[in-house]
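Let me begin by presenting the structure, written as structure tokens, before commenting on it.
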Amino acid sequence: MIRSATVFLASALLLSSCVPEGRPEMESARANAGPPVVVPTPRPSPSPTPAPPPAEPVRTGFWFEGPMQQGALLTGRVPSGTRMLTFEGEAVDIGEDGFFIIGLDRDSKAEVRLVATLNDGRTVERTLNVAPGDWKLEYINAPYRAGVSSEAFKARRGPELARIVAARDVDVVSDGWRQDFIWPVTGRQSGFFGSQRVYQGKPGSYHGGADIAVPTGTIFVAPADGVVTLAAKDDFTLEGKLIIIDHGMGLNSAFLHASEILVNEGDRVKQGQPIGKVGQSGRATGPHLHWGLKWKDARIDPLLVAGPPSG
Ligand SMILES: [Zn+2]
């Protein structure tokens, strides 16, 4: 995904002149004395000041890249002179070069609307048609039963959820959102984003991330640049050892079930930097990394952002 402004630099072509460098008067004098001696003269060195880039054409409409389907993350660019952008009525941040991202939730409406308000007060609107996601649904012929939580669980869960919400609310400045995301670890995908069990017609909650099954101790890395907003080194009840990284513009990653965390809250991490080791802490049936991606409140499918994970 191209997340940065492409700047087309005009190549400074210096056309050297093709005027012969010989000396005609000497040549005539030596007319019968063999070939003339040509003294090379130094060529002018290229100008140190490159030609300025051509002015960017005015963008009259929106530009988008990415699949228009549930669970996808889109990169967009606003029309020139946009001072405010809304997505479904909510303000969306825009980079200085006009680029932005929007996440299409796993259960996004079939039509969503963007409105750019220009400096002169005019508005440019765009409606996107969102294709339904292809989620793995499993139909269970048994009644849905809500799990009964113990008092001890409930007492721990409240503060844990508060820390997760607080970590996702942190607004950091990072250009990670502009990068091509990589998988934190590669291997067999054992759990798919959006998969859901349906109990005699009643849907249970869906799986909010991608699971990669690799042995305990396998290093996993940051999928893009960002800032660590949560590094829970004591196990959370469900997530176990949990890391949240904010990639800027409301996009963040969560990594669950680690056996070890290699970063601290507030750390700035680079794409590809080791951040933890895979494990099965919290509620997990075997060692794996669960990677969840969220843009604001929208849950995003890592597979649609980073491509297939094996490799
Ligand atoms: Zn999972």
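The values are calculated or read from the model by the stated rules, or taken from the named source; none is laboratory data. Keep in mind that this is a model prediction, so the values were computed, not measured. Every residue, glycine among them, receives a Cβ derived from its backbone with ideal geometry; neighbour counts consider all protein chains shown. For the accessible areas, the whole protein counts, side chains as well, though only heavy atoms, and no ligand, DNA or RNA atoms are used. Shrake-Rupley method; radii C 1.70, N 1.55, O 1.52, S 1.80 Å.
In a residue-by-residue description of segment 200-209, the property of being within 23 Å of the chain's Cα centre (by Cα) and closer than 20 Å to Ser259 by Cα applies to at least one position. Scanning segment 139-172 for residues that are open to solvent by less than 80 Å² (accessible area, probe 1.4 Å), under 16 Å from Gly282 (Cα atoms) and among the charged types (D, E, K, R) returns Arg157, Glu160.
Being within 15 Å of the ligand (Cβ to nearest atom), modelled with pLDDT of 95 or more and not aliphatic (A, V, I, L, M) is a condition met by no residue of segment 224-235.
If you go through segment 260-280 and keep only what is open to solvent by 50 Å² or more (accessible area, probe 1.4 Å) and more than 15 Å from the ligand (Cβ to nearest atom), you end up with Glu260, Leu262, Asn264, Glu265, Gly266, Asp267, Arg268, Lys270, Gln271, Gln273, Pro274, Lys277. Looking at Ser80, Ser149 in this structure, which one is assigned to a loop (DSSP other than H, G, I, E, B), at pLDDT below 95 and more than 22 Å from the chain's Cα centre (by Cα)? Answer to the check: Ser149.
When Pro184 is tested against the conditions (1) modelled with pLDDT of 95 or more; (2) open to solvent by 10 Å² or more (accessible area, probe 1.4 Å); (3) within 16 Å of the ligand (Cβ to nearest atom); (4) not charged (D, E, K, R), the lone failure is (2). State whether one or more residues within segment 79-86 are open to solvent by 70 Å² or more (accessible area, probe 1.4 Å) and in contact with a Leu (Cβ under 8 Å, 6 or more places away or on another chain). Within segment 79-86, one or more residues are open to solvent by 70 Å² or more (accessible area, probe 1.4 Å) and in contact with a Leu (Cβ under 8 Å, 6 or more places away or on another chain). Working only within segment 111-142, note down all residues that are within 22 Å of Gly209 (Cβ to Cβ) and not in a strand (DSSP E or B). Matches in segment 111-142: Val130, Pro132, Gly133, Asp134, Trp135, Lys136. For segment 201-208, the criterion of a residue being at pLDDT 95 or above, within 16 Å of the ligand (Cβ to nearest atom) and either in the same structural domain as Ile94 (by TED's automatic domain parsing) or open to solvent by less than 40 Å² (accessible area, probe 1.4 Å) (or both) is satisfied by at least one position. A single member of Ala254, Ala224 is touching a helix residue (DSSP H, G or I) at 6+ places or on another chain (Cβ under 6 Å), open to solvent by less than 20 Å² (accessible area, probe 1.4 Å) and touching a residue at least 40 places away in the same chain (Cβ under 8 Å), and it is Ala224. Meeting the requirement of 3 or more residues that are within 29 Å of Ala152 (Cα to Cα) and not polar (S, T, N, Q), the strands (runs of 3 or more DSSP E) wholly within segment 175-261 are 196-199, 226-236, 240-246, 251-258.
The residue of segment 282-302 that is surrounded by the fewest Cβ atoms within 10 Å (Cβ to Cβ), among those that are within 13 Å of the ligand (Cβ to nearest atom) and not in a strand (DSSP E or B), is Thr285.
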